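Written out below as structure tokens is the structure these notes cover.
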Amino acid sequence: MNHEMPGSAAWSAPVRAGRTITLTALADGANATVLIVGADRLDRLNIPDTLKSQMSARIKPGMVLMSDRGLALATVVASTLDWHDCLTGALPDRLLLLELTKHGFGEADLHGCINFFSKVAVADDPRASLAYIPGHAHAGDTVTLRADQDLLIFVSTAPHALSDGPAAGVAVQLESPAHVEDPDLREEAVRALRLTRELIA
Amino acid sequence: MTITATTVALDSVVEAGDGALVSVPTGGRLRIVDLHGNQAVDTLFYDAHDIDNRYSAFDTIREQRAVFLTTGSRLISTRLDELAVITDDTCGRHDTVGGACSQESNVIRYGEFTRHQHACRQTFLRYGAVAGIGQRQLAHNINFFMNVPVTSTGGLTFEDGLSAPGKYVEVTASRDLFVLISNCPQVNNPCNGWDPTPIQLLGWW
Ligand SMILES: [Zn+2]
């Protein structure tokens with residue numbers, strides 16, 4: 001399946017365990033805000049647990065996206081960018097909320113998101129001040145996730161909340177490869193994948 | 001007898017590993033005292049009249065353009081309402097990226113032997129229940145007094161606390177709030193100095 005989302009749109013789809021989802025920036029400065037809900041429709045992406053387990057303040061290839069209950073939702077298996085923002089959330093997004101509603105979810109299910117293709121730099125000052133980096137992503141930049149359990153994925157192409165640039169489109173491609181190797185992972189990520197495979201995948 | 005506009009409405013000790021659900025009215029001040037130093041206090045805020053309008057860590061970070069919280073930080077909800085403001089802080093900075101410990105995340109971080117150790121999210125669920133706060137309503141929290149440095153290279157670590165005995169942080173409610181508190185029982189990292197200790201809650205309204 002290949003779908004081109006225009007800018008300032010929202011879209012959602014189930015992604016079966018083992019399938020990959022590739023997002024491609026269709027113009028410079030693209031942003032793809034992503035929310036993920038796990039197979040039981042309650043266990044959601046947990047950004048704090050994902051970050052502290054893997055000692056990172058950004059999303060990059062070789063990280064497992066973890067759920068509230070310590071399971072692997074998806075693995076970032078490849079990306080042309082090594083920094084995707086996950087610290088600055090998204091503005092209230094009517095279209096994204098409607099996508100949640102289509103699947104029986106609502107405002108209570110909003111959780112920390114990933115802003116793929118966006119970078120908000122952190123300063124080494126006493127407050128860890130933040131600055132949005134314009135033009136971090138270019139047309140053609142990609143990120144590929146492998147679903148590690150059956151997922152619902154929600155994507156918004158609204159501009160990043162700190163961007164004053166125009167909205168840009170993002171292509172979404174779902175594929176069913178026979179097998180996707182694990183990238184190099186920290187031991188915590190390996191543990192999350194093993195528990196997930198033992199329990200539900 | 002002196003009559004003042006506000007009185008001490010709350011003065012209680014929360015033991016290590018225990019929690020509390022506190023109703024704070026608009027304008028009320030809630031002070032959390034780190035009695036023994038280096039104690040993480042995991043805290044969530046909800047609009048008391050609509051719990052879906054709840055504290056949002058990442059909206060708060062974005063709106064203040066900085067990761068750490070301190071005096072002046074506005075605590076923002078998912079609807080971008082101001083729930084409360086940090087109006088006093090003798091510690092200096094507080095974390096809102098590190099989230100709360102759970103039995104499951106302890107297993108991922110430290111191993112299977114931690115599976116049945118008590119954790120903050122157990123406390124949140126236990127004390128949140130009377131306000132209708134369940135698993136879906138648990139959001140990403142503030143860790144008062146916790147030190148989670150984030151670096152320009154995109155790194156994140158848990159470090160020894162910056163707090164000390166008697167340091168406190170005070171928030172003033174911008175609307176009627178539920179404040180859900182877990183006095184963190186974590187013993188597997190330095191967030192509680194490897195030794196969880198009691199905190200004091202003081203309220204004026
Ligand atoms: Zn804890």
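The values are calculated or read from the model by the stated rules, or taken from the named source; none is laboratory data. This structure is a prediction, so every number in the text was calculated from the model and none was measured. Every residue, glycine as well, gets a Cβ built from its backbone with ideal geometry; the counts of neighbours run over all protein chains shown. Note: areas computed on protein heavy atoms with side chains; ligands, DNA, RNA excluded. Shrake-Rupley method; radii C 1.70, N 1.55, O 1.52, S 1.80 Å.
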| message | Considering only segment A:77-85, I want to know if a residue exists there that is touching a Pro at 6+ places or on another chain (Cβ under 8 Å), more than 12 Å from every other protein chain (Cβ to nearest Cβ), part of a strand (DSSP E or B) and among the aliphatic types (A, V, I, L, M). | response | yes
| field | segment B:162-205 - residue that is within 30 Å of B:Asp50 (Cα to Cα) and within 15 Å of the ligand (Cβ to nearest atom) and, of those, most open to solvent (accessible area, probe 1.4 Å) | value | B:Pro185
| message | Tell me yes or no: at least one residue of segment A:142-157 is more than 17 Å from the chain's Cα centre (by Cα), more than 14 Å from every other protein chain (Cβ to nearest Cβ), surrounded by fewer than 19 Cβ atoms within 10 Å (Cβ to Cβ) and in contact (Cβ under 8 Å) with a residue 60 or more places away in the chain. | response | no
| task | Output the residue which, of all residues in segment A:165-199 that are within 14 Å of another protein chain (Cβ to nearest Cβ) and closer than 25 Å to A:Ala137 by Cβ, is surrounded by the most Cβ atoms within 10 Å (Cβ to Cβ). | result | A:Ala189
| request: Please indicate, with yes or no, whether at least one residue in segment B:20-28 is within 14 Å of another protein chain (Cβ to nearest Cβ), over 27 Å from A:Asp124 (Cβ atoms) and assigned to a strand (DSSP E or B). | output: no
| remark: Scanning segment B:143-161 for residues that are outside any strand (DSSP E or B) and either in contact with a His (Cβ under 6 Å, 6 or more places away or on another chain) or in contact (Cβ under 8 Å) with a residue 24 or more places away in the chain (or both), the one nearest to the ligand (Cβ to nearest atom) turns out to be B:Met146
| field | Which listed residue, of A:Gly7, A:Gly18, A:Gly62, is farther than 27 Å from A:His179 by Cα and touching a residue at least 12 places away in the same chain (Cβ under 8 Å) | value | A:Gly7
| request: Test B:Phe124 against the stated conditions and say whether it is within 16 Å of the ligand (Cβ to nearest atom), closer than 21 Å to A:Leu45 by Cβ and modelled with pLDDT of 95 or more. | output: yes
| query | For segment A:86-98, how many residues meet the condition of being without any contact (Cβ under 8 Å) to a residue 12 or more places away in the chain and either under 26 Å from B:Ser152 (Cα atoms) or outside any helix (DSSP H, G or I) (or both)? | reply | 1
| task | Test B:Thr43 against the stated conditions and say whether it is at pLDDT 95 or above and in a helix (DSSP H, G or I). | result | no
| task | Report, ordered by the first and then the second residue, all pairs with beta carbons closer than 8 Å, sequence separation of six or more or different chains, a first member in segment B:54-74 that is in contact (Cβ under 8 Å) with a residue 12 or more places away in the chain, and a second member that is charged (D, E, K, R) and open to solvent by less than 10 Å² (accessible area, probe 1.4 Å). | result | B:Phe68/B:Asp95; B:Leu69/B:Asp95
| said: Name the residue that is nearest to the ligand (Cβ to nearest atom), counting only residues in segment B:16-31 that are of a type outside the set (A, V, I, L, M) and out of contact with any Ser or Thr (no Cβ under 8 Å at 6 or more places or on another chain). | reply: B:Arg31
| query | Can you tell which of A:Ala39, A:Ala25, A:Ala17 is away from every other protein chain (no Cβ under 14 Å) and within 16 Å of A:Gly169 (Cβ to Cβ)? | reply | A:Ala25
| query | Looking only at residues in segment B:32-54 that are within 12 Å of another protein chain (Cβ to nearest Cβ) and away from the ligand (no atom under 16 Å from the Cβ), which one is farthest from the chain's Cα centre (by Cα)? | reply | B:Asp50
